[in-house]
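Enquirer: The structure's right below; bear with me while I get my questions together.
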Amino acid sequence: MKRLTIGAIAMVIMALFILAMFPQDMMGEEKGSEKKGKYYYKKSCKTCHSKDGEGGELTPISKTQAQWEEFFEKGMHGDQKLSDAVEEDQIIHIKTFLINHAADSDQPETCG
Ligand code: HEC
């Protein structure tokens, strides 16, 4: 009986660990990877969006979470489609990175 209880507790602890490792998956939402987003942002956006670049400096804190949300919802980049500026499958990750570090986020970030 005692053994069974310990086993059950161990199972619960393990389940909690697994849950903690995959919070986004458990929410059932389509979420990008922040880490990939940062990488792609540097690779695909920073080329133009640096201080001396043609797009001007742009960092996560350039917009609020709602503004980023709106930007990606429209899917437009100026009068071009955003998917013309960056590969489609990178967008979800870049979006996650930018929103997670937006001006009004818990961890605003100026670098990319
Ligand atoms: C080829 C160069 C280039 C690349 C790559 C590029 N941008 Fe831009 N971006 C520009 C230029 C030029 C402007 C300003 C003129 C305009 O609005 O089209 C701009 C404007 C913007 C703006 C402000 C205008 C708006 O629509 O709110 C945002 C936000 C933006 N870019 C985000 C991004 C993101 C995110 C990426 C990467 C996924 C990216 N850009 C990649 C050149 C680029």
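Enquirer: I want to confirm something. Restricting to segment 50-65 and keeping residues that are closer than 19 Å to S33 by Cα and in a helix (DSSP H, G or I), which single residue is nearest to the ligand (Cβ to nearest atom)?
Expert: P60
Enquirer: Just need a number here: residues in segment 84-102 that are in contact with a helix residue (DSSP H, G or I) (Cβ under 7 Å, 6 or more places away or on another chain) and part of a helix (DSSP H, G or I).
Expert: Adding up the residues that qualify gives 10.
Enquirer: Are any of the residues in segment 74-89 more than 8 Å from the ligand (Cβ to nearest atom), closer than 17 Å to G37 by Cα and buried (at least 16 other Cβ atoms within 10 Å of the Cβ)?
Expert: no
Enquirer: Would it be correct to say that S105 is more than 7 Å from the ligand (Cβ to nearest atom), at pLDDT below 95 and part of a loop (DSSP other than H, G, I, E, B)?
Expert: Criteria not met by S105.
Enquirer: Out of the helices (runs of 4 or more DSSP H) lying entirely within segment 1-42, which hold 1 or more residues that are at pLDDT 70 or above, farther than 27 Å from A85 by Cα and of a type in the set (S, T, Y)?
Expert: 2-21
The values are calculated or read from the model by the stated rules, or taken from the named source; none is laboratory data. Quick caveat, the model's predicted, so the values are computed rather than measured. Note: ideal-geometry Cβ built from the backbone for every residue, glycine included; neighbour counts use all protein chains shown.
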